[in-house]
1. Relative contact order for the range 35-151 using alpha-carbon pairs under 8 Å, separation at least 6, rounded to a whole percent?
2. In the range 350-382, which residues have a backbone nitrogen under 12 Å from the label point lying 7 Å from Ala284's Cα in the Cα-to-Cβ direction?
3. Which whole-number percentage describes the relative contact order of the chain, with Cα contacts under 8 Å and a sequence gap of 6 or more?
4. What is the gain in length, in nm to one decimal, between Val322 and Asp88 on full extension, counting 0.36 nm per residue of separation less the C-alpha to C-alpha distance?
5. How would the range 36-280 be classified by its alpha-carbon gyration tensor: rounded, prolate or oblate, with rounded meaning a/c under 1.5 and the a/b versus b/c comparison settling the rest?
6. Report, in debye and to the nearest 20, how large the dipole of the chain comes out about its Cα centre when Lys and Arg carry +1 and Asp and Glu carry -1 on their Cβ.
7. With everything on Cα atoms, drop me the angle between helix 212-226 and the longest principal axis of the chain, reported from 0 to 90° to the nearest 10.
8. Which pairs, out of Lys245/Lys363; Lys326/Lys357; Lys340/Lys363; Lys53/Lys363; Lys98/Lys357, put more than 20 Å between their alpha-carbon atoms?
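None of the figures in this text is laboratory data; all of them are computed from the coordinates on show. Just so you know, these numbers come straight off a predicted model, no measurement behind them. So basically every Cβ, Gly included, is an ideal-geometry build from the backbone, and we count neighbours across all protein chains shown.
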Amino acid sequence: MSQKSENVDRSPGGWRPDRPHNDLPGLPPSVDLETKPVLKQCIEARAALAGLKQAAELIPNPGMLINTLPVLEAQASSEIENIVTTADALFRQLETEKQADPATREALRYREALLEGMREIRTRPLGTRLAESVCSRIRGVDMAVRRVPGTKLANAATQEIIYTPPEGEVVLRDLLSNWERFLQKETSLDPLIVLAVAHYQFEAIHPFTDGNGRTGRLLNSLFLVEKGLLGLPILYLSHYVVAHKEEYYRLLLAVTREGDWESWVLYLLGAIRDTAVWTTMKIAAIRDLAEHTAAYLRGVIPKIYRRELVDVIFNQPYCRIVNVVKVGIAERQAASRYLKVLVEAGVLQEQVSGREKLFVHPKLMRLLTEDGNSFARYTTGD
């Protein structure tokens, strides 16, 4: 089906990378988006997402997902923008953000923005206001649509200007209004095609002075939840983008330069499909480890074994005494004793961080931070 655009690029001489792209065409694009390759890839991506959604719904402890996978997404999405921290640092500092280094604090804000965005879409549709709210949380300062000129995107190695986004608050807000209508009212296209097109447009508008890439990728997760394609924002999509970063930027720019929508849409659909499959397998491995750990602990510490205790140590790789207390398993002294028993059983390792004791779950940490899904089984000799 051919999609006709409301706006056509009529800039004299066409687009130039060193000039503000104020004639950025509106949505929908004036090309056939539903080509045979796109439709085929879309079917595969939808099936993979359905499998991921089902896997998440069947897991006994959903906190296991919402407390871990958004952290990984935050780390990877930040890495794309050269804000480098580690998953280990993020998990370690989840409850002590003020003690973290600047890069880790910024990535932790991404996670908080994602979770807060989940709450907001219950009452507010995806659009400009929500994008401003998300970007403000990511950056840690109030962010609004750009009013000043001068934003240019350059090649990191050569400093050559490769793209100059539109300028002028009125121009930007008009483009964002068109983007918002497309997100909310486009019904003739599959939602995943809408997502791919809208993501390009948001990046091309580049509405903020900073944080555009992370905001755009976070909005992708919220869109999938808003449309009912996922129940939780657990698609670890930035993992794929990190592995294919050059292609990500090349294909975004190819839409601007050549109007090559098909290659871009195929890229993002493939990313959704592969990431959904990867995440589903990761969830299965975590669930397998949780069940194996529960069976092992029932055998070696039957007097204090409780399934709730297993759930606590799977909520995130670093456990604190207060985490056990908060869920009502035991008071502080007994909670400390329970965690030390898990250390003696070989499930946790105790670490000291300043005045605080941390109990790290090595097998869970490896599953979360490595691509593989196998783990060494516990034995009575562990």
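1. 17 percent
2. Once the point is set 7 Å along Cα→Cβ of Ala284, 373-374 turn out to lie under 12 Å by backbone N, inside the range 350-382.
3. Once normalised by length, the contact order is 20 percent.
4. Numbers: separation 234, 0.36 × 234 = 84.24 nm, distance 1.96 nm.
That works out to 82.3 nm of additional length.
5. On the way: a/c = 1.41, a/b = 1.08, b/c = 1.30.
Cα axes put the range 36-280 in the rounded bin.
6. Roughly 1200 debye for the chain.
7. Long axis of 212-226 versus the principal axis of the chain: about 70 degrees.
8. Pairs exceeding 20 Å: Lys245/Lys363; Lys53/Lys363.
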